[in-house]
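Data block below; observations after.
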């Protein structure tokens with residue numbers, strides 16, 4: 001299911017209420033903030049795609065360039081989450097088997113091309129890999145729609161509203177520097193008010209997606225169940241756990 005940009009606009013304006021009537025509010029910039037919110041959401045909750053890649057008796061499979069193996073791959077954004085090898089034929093009832101995290105890297109580069117590097121396998125031309133990877137949510141050009149989950153619509157709108165509030169606050173700060181003191185005081189108050197509103201909407205976004213701690217701020221999990229030697233990556237930019245210098 002898709003959601004149109006116009007639907008996002010309506011909800012963001014409803015969140016802002018009478019604040020859209022201020023002369024400092026830029027309705028044209030609102031679309032930019034909505035698209036930026038969708039981009040941030042893609043990093044927090046990426047969607048996945050899957051593609052079958054036929055073996056070529058090599059360790060290297062291009063992810064970018066004219067011969068890219070995965071059609072929806074977005075350089076600098078996408079990451080591989082799992083590789084089924086050899087890929088089973090579902091109708092035959094086969095049981096999928098997966099490469100381990102130490103069997104591949106998706107960030108090998110040579111000659112301006114990004115490659116999937118298989119460290120322990122060289123699939124033959126008679127074999128296929130079924131690769132699952134992350135891809136961002138984007139707005140199509142005409143009409144402008146996106147496939148973000150409807151269950152997270154209000155959360156994304158909250159983040160877009162927060163971005164609008166921060167933009168409005170920045171405009172108040174910029175205009176307040178060059179006006180009379182009496183007006184400058186009002187602009188400073190408006191600046192602070194919109195920053196607080198932005199923080200409230202950012203908290204609402206994080207809470208809706210389960211990304212917030214008890215104080216509403218983003219925080220990393222205290223622990224998680226993962227393979228000890230897995231590489232850090234998606235979802236949510238998982239990092240290695242380590243002890244700092246003492």
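The values are calculated or read from the model by the stated rules, or taken from the named source; none is laboratory data. Given the structure is predicted, the values throughout are model-derived calculations rather than measurements. Neighbour counts are summed over all protein chains in view; Cβ atoms, including those assigned to glycine, are modelled from backbone coordinates with ideal geometry.
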* **Considering residues of segment 14-31 that are under 27 Å from the mean Cα position of the chain (by Cα), surrounded by fewer than 17 Cβ atoms within 10 Å (Cβ to Cβ) and modelled with pLDDT of 85 or more only, the residue nearest to residue 153 (Cα to Cα)** => 14
* Structure fact -> Of (1) assigned to a helix (DSSP H, G or I); (2) modelled with pLDDT under 60, residue 208 satisfies every one except (2)
* Could you look through segment 34-62, keep only residues that are within 25 Å of residue 89 (Cβ to Cβ) and within 19 Å of the chain's Cα centre (by Cα), and pick out the one that is surrounded by the fewest Cβ atoms within 10 Å (Cβ to Cβ)? => 50
